[in-house]
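Below you'll find the structure, written out as structure tokens, and then a few comments.
A short reminder: the numbers here are calculations on the coordinates, not readings from a lab. From a predicted model like this one, the values you see are computed outputs, not experimental measurements. Please note: Cβ atoms are built from the backbone with ideal geometry, for glycine as well, and neighbour counts cover all protein chains shown.
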Amino acid sequence: MHVPLEGTGPVDVALRRRAAAALAGVLPARAILADSERTRPYECDALTLYRQPPMIVVLPESEAEVAAVLRVCSAMAIPVVARGAGTGLSGGSLPHAAGVLMSLAKLDRILAIDPDAQTARVQPGVRNLAVSEAAAPHGLFYAPDPSSQVACTIGGNVAENSGGIHCLKYGVTLHNVLAVRGLTVDGETVELGSAALDSPGLDLLSLVLGSEGMLLVVTEVLVKLLPRPAVARCLMVSFADIETAGVAVAAVIGAGLIPAALEMMDQAAARMVEPFVHAGYDLDAAAILLCESDGTAEEVAEEVERISEVLRTHGATRIAVAANEAERARFWAGRKNAFPAAGRVSPDYYCMDGTIPRRQLGKVLKTIRQMEETYELRCPNVFHAGDGNLHPLILFDANDPASVERALAFGDAILNLCIQVGGTVTGEHGVGVEKVGQLCEQFDAATREAFFAIRRAFDPRGLLNPGKMLPSLQRCAEYGRQHVHRGQLPFSDLPRL
């Protein structure tokens, strides 16, 4: 079994009663959920393998109410877990059994759009896609576009440093946020970053982006907007084997070409998605690459020609260019609906997230296919090929304990493989509770202590989202005992680094 998670277990009923009474002094009754029937929907995020009933859920409607909740919890030494839309895939908003789960869903206003400065100031509960929709009349858009962008929120994107299919050219959340306003664990206001090109002092904004709610509770975000490209064209490229496709991806980048997006799906993923979306995918190909170019008409025409030449030289068996915007949308609908498509072919799925050097794509995907036999589970693959961010989809049955255990072991093995080939255990989903053990593998004790030192500078008692992201010495020791022989396969066919 996996290492027991910190902060999980039965809810302390007496503590819940005292906390609810204290919170009733700063929040209206409608903003406090304290009975199990009303808190049950918050017991997990999209990583449903891990569940913990919340002690209390609060739904503040303003920054002042957020600050008041934090002051109450700080005075009572009660942990606080901030939550967005719950679309996270690493258990980052898993509740604490003795803590308060703070939903920021009601802080959902777009406070200002400045078309001249090309910025938007938004609250954390604003949906990712809503920012681009609000900016569209000004010919602008917000670049990070996770597959869950119709539902995921900016606050969650900040917590996990989310990316999306266009992150190769436009960057992840880190590259598109100019400033944040947030509250410390004691309810004090902090503003980091600036609307200017630079800000005075240390770059603490970069620390907060991707910190998974462990340093601040973010209440406002200033995001960068970009001019919407005049033209976008998408290529669907077929390959006879996955390793050739991986080499071709590296060749495109090596040629000095940075497409707007460079996404890959293996045959299993394409065949899973096609009946669901009817995207027009080549189901005979071992792998398909979706490559998008955007810009002016002249720029796009030249880039498409150059990319096509590189891909043909490196083994592409077919290149289809979307004939119009509707076909382009269908190509991308298939990629963005891979997760719900998995739900049609399997009772449950476990979406992994590791990042590897591009040159290792073919080798790693080949090894994952071997792991399917070892763990007796299917694993279609969709991923951001341009930056090596893998999203294996392990298909399993949550009603079968043996299937669950094999799925978890399969996930461990994939993450360990990512580390072995010179990669990292996450690209955009975050660490949460899912990958805390792998942090023991990836970083030595001195580095982990440096992480804790940063956290203590913001939150000395560790009340904000405890048990996530940073592994304690005790947890690493327990992880080592339980995983010393788990998830290991011979990688003799992989090149030594």
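The distance between label points at residue 443 and residue 255 comes to 3.9 nm (points 7 Å beyond Cα on the Cα→Cβ vector). Distance between the C-alpha centres of region 189-216 and region 357-382: 37 Å, rounded to the whole angstrom. Full extension of the chain between residue 12 and residue 370 gives 124.4 nm of extra length, using 0.36 nm per residue less the Cα-Cα distance.
Sorting the Cα pairs of region 317-464 by distance into bins of 5 Å, from 0 upward, gives 2, 8, 15, 17, 18, 13, 11, 8, 5, 2, 1, 0 percent per bin. Rounded, prolate or oblate: which one fits region 1-50, using the alpha carbon gyration tensor with axes a ≥ b ≥ c (rounded when a/c is under 1.5, else prolate when a/b beats b/c, else oblate)? Prolate is the answer for region 1-50, as a/c is 1.5 or above and a/b outweighs b/c. From the coordinates of this entry, mean projected area of the Cα convex hull in nm² is computed, and it appears in (i) 27.7; (ii) 28.9; (iii) 23.0 under the label (iii). Taking 4.7 Å between C-beta atoms as the pairing limit, the chain has these partnerless cysteines: 44, 73, 152, 167, 234, 291, 351, 379, 418. The length gained on full extension between residue 189 and residue 450, counted as 0.36 nm times the residue separation minus their Cα-Cα distance, comes to 91.5 nm. Between the beta carbons of residue 402 and residue 378, assuming R0 = 22 Å, the FRET efficiency works out to 0.90 to the nearest 0.05. Measuring nothing but how far apart in sequence close Cα pairs (under 8 Å, 6+ apart) lie, relative to its length, the chain scores a relative contact order of 15 percent. For the peptides 114-121, 393-400, the ranking by mean Cβ contacts within 10 Å, running from highest to lowest, is 393-400, 114-121. Cross-link reach is defined here as a Cα-Cα straight distance under 20 Å, omitting same-chain residues fewer than 8 places apart; for residue 169 the lysines meeting it are 224, 336.
Scaled to the globular estimate 2.2 N^0.38 Å, the Cα spread of region 230-372, given as radius of gyration, is 1.04.
Of all the Cα-Cα pairs you can form in region 126-271, what percent are over 19 Å apart? In whole percent, the long-distance tail amounts to 60.
Could you work out the helix-only [θ] at 222 nm for the chain, with each DSSP H run of four or more residues adding -39,500 (n - 2.57) and the total divided by the number of residues, to the nearest 500 deg cm²/dmol?
-11000 deg cm²/dmol
For region 214-292, the calculated P(r), taken from all Cα-Cα distances in 10 Å bins from zero up to the bin holding the longest distance, is 15, 36, 23, 19, 7 percent.
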